[in-house]
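Structure, as structure tokens:
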Amino acid sequence: MSDAVDQLLTQWGRERPDVDVGPMGVIGRITRLSRLLDRELKEFFAGHGLERWEFDVLATLRRSGPPYELTAGALNRAAMVTSGAITNRIDRLAARGLVERVHDEEDRRSVRVRLTDQGRTMVDEMVGPHVANEARLLAALTSEERDRLAGLLRGLLESLGDTSIG
């Protein structure tokens, strides 16, 4: 079976047989897959009244454990967005009652972002369906293939310096 990337590799092979375009096959497939998965996840979350980034912020806070709070800087590093973008995201989630800003007990100048009860309920209700949706998206792969792919992707991420979420 051939995919869209095979077609572009064939075209490059015809036009520039002197260039090994093999790396384009890997990067092209990862890029296309990322776009397809982004679209699928966006549709899934929209069906539950959420933006993908909203779930990401709520899930990051929930995973942090009690009292389910982090600094805006820690959220920023986990989300890999600008400080202005994380501030906007926090503002929007706070307006919905899903997070709140609280002053750090040890440093009153520092503000922490805390998951509200409503935010915790929402993320807890979404985790199961979200994982089931991701399993659906990976259904074409066996368990062993998923594990192998995860290992290969982990190695590539590590080689590019992506070894921590914050």
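The values are calculated or read from the model by the stated rules, or taken from the named source; none is laboratory data. In this text, all values refer to a predicted model and were calculated from it rather than measured experimentally. No Cβ is skipped: glycine too gets one built from the backbone with ideal geometry, and neighbour counts run over all protein chains shown. What goes into the accessible areas is simple: the full protein's heavy atoms, side chains included, and nothing from ligands, DNA or RNA. Shrake-Rupley method; radii C 1.70, N 1.55, O 1.52, S 1.80 Å.
Candidates are the residues of region 9-39 that are assigned to a helix (DSSP H, G or I) and in contact with a helix residue (DSSP H, G or I) (Cβ under 6 Å, 6 or more places away or on another chain); the one that is farthest from A140 (Cα to Cα) is L9. The residue of region 55-100 that is surrounded by the fewest Cβ atoms within 10 Å (Cβ to Cβ), among those that are outside any helix (DSSP H, G or I) and touching a Lys or Arg at 6+ places or on another chain (Cβ under 7 Å), is P67. One residue is enough: does region 58-77 have a residue meeting the conditions free of Cβ contacts under 8 Å to residues at least 60 places away in the same chain, touching a helix residue (DSSP H, G or I) at 6+ places or on another chain (Cβ under 8 Å) and more than 25 Å from T163 (Cα to Cα)? No - not one qualifying residue is present in region 58-77. Every condition in (1) at pLDDT 95 or above; (2) hydrophobic (A, V, I, L, M, F, W, C); (3) open to solvent by 70 Å² or more (accessible area, probe 1.4 Å) is met by L41 except one, and the failing one is (3). Screening the candidates R92, R101, R114, R52 for the property of being among the basic types (K, R), closer than 24 Å to L157 by Cβ and in contact with a helix residue (DSSP H, G or I) (Cβ under 9 Å, 6 or more places away or on another chain) yields one hit, R52.
Okay, residues lined up against (1) at negative phi; (2) among the aromatic types (F, W, Y); (3) loosely packed, with under 15 Cβ neighbours inside 10 Å; (4) free of Cβ contacts under 8 Å to residues at least 60 places away in the same chain:
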site	(1), (2), (3), (4)
H103	yes, no, yes, yes
L115	yes, no, no, yes
G119	yes, no, no, no
A140	yes, no, yes, yes
D162	yes, no, yes, yes
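Residue-wise test of (1) in contact with a Cys (Cβ under 6 Å, 6 or more places away or on another chain); (2) at pLDDT below 95; (3) part of a helix (DSSP H, G or I).
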residue	(1), (2), (3)
G119	no, no, yes
V127	no, no, yes
N133	no, no, yes
A140	no, no, no
E144	no, no, yes
G151	no, no, yes
T163	no, yes, no
G166	no, yes, no
